[in-house]
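> Here it is: the structure, laid out below.
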Amino acid sequence: MSFLFSLFLLALPFITFSVMYREAVSFKNKNGAWPWSISALVWGLIGFFSLIVGVVLLLIATKTTKPLAGYKNLDQMGYTSSGAMNPYAGQNFQPVLAQWSGAGPNWYADPSRKHQLRYFDGVRWTENVSDNGFQSIDAIN
């Protein structure tokens, strides 16, 4: 074996550990629960010791684990999935959507972030909001 190939084989478990760890943390930040309730450290160790099997298990776990009820992911709270602050959080995106002809009347993520959804009538945001499937009225500030 060449030196570079040997070095690659030595580095591969550490790379896999890092990828699995970050994916599990990203999933928790978005959904409020670890995939299959297994922490990122354990997912990293699984990846370290069983590269292919660990990746397949994590993919299955992230597809089959349901988000916690009522959990707002970090994107909705103004953070990116990596945990960094979103520089656009809290800004009113109504003018952008109002000028975009493709945005039809529908329920969209509330740009004020006070509710899960707000109704966009195709021209402007309305006072109609929805949280966990229950509709109510909240004036636009």
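The values are calculated or read from the model by the stated rules, or taken from the named source; none is laboratory data. What you see is a predicted model, and the numbers here were worked out from it, not measured in a lab. Backbone-built Cβ (ideal geometry, glycine too); neighbour counts: all protein chains shown.
> Say we look at the stretch 22-46 and pick out the residues that are part of a helix (DSSP H, G or I) and either at pLDDT below 80 or of a type in the set (Val, Ile, Thr) (or both); which of these is farthest from the chain's Cα centre (by Cα)?
Selected residue: Ile46.
> Are any residues in the stretch 122-141 surrounded by 13 or more Cβ atoms within 10 Å (Cβ to Cβ) and in contact (Cβ under 8 Å) with a residue 12 or more places away in the chain, and if so, which ones?
Result: Trp125, Thr126, Val129, Ser130, Asp131, Asp138, Ile140.
> Output the residues belonging to the stretch 19-30 that are touching a Ser or Thr at 6+ places or on another chain (Cβ under 7 Å) and either under 14 Å from Lys63 (Cβ atoms) or small (Gly, Ala, Ser) (or both).
Those that are touching a Ser or Thr at 6+ places or on another chain (Cβ under 7 Å) and either under 14 Å from Lys63 (Cβ atoms) or small (Gly, Ala, Ser) (or both): Ser26, Phe27, Lys30.
> Please count how many residues of the stretch 112-141 are polar (S, T, N, Q) and not in a loop (DSSP other than H, G, I, E, B).
Total meeting the criteria: 5.
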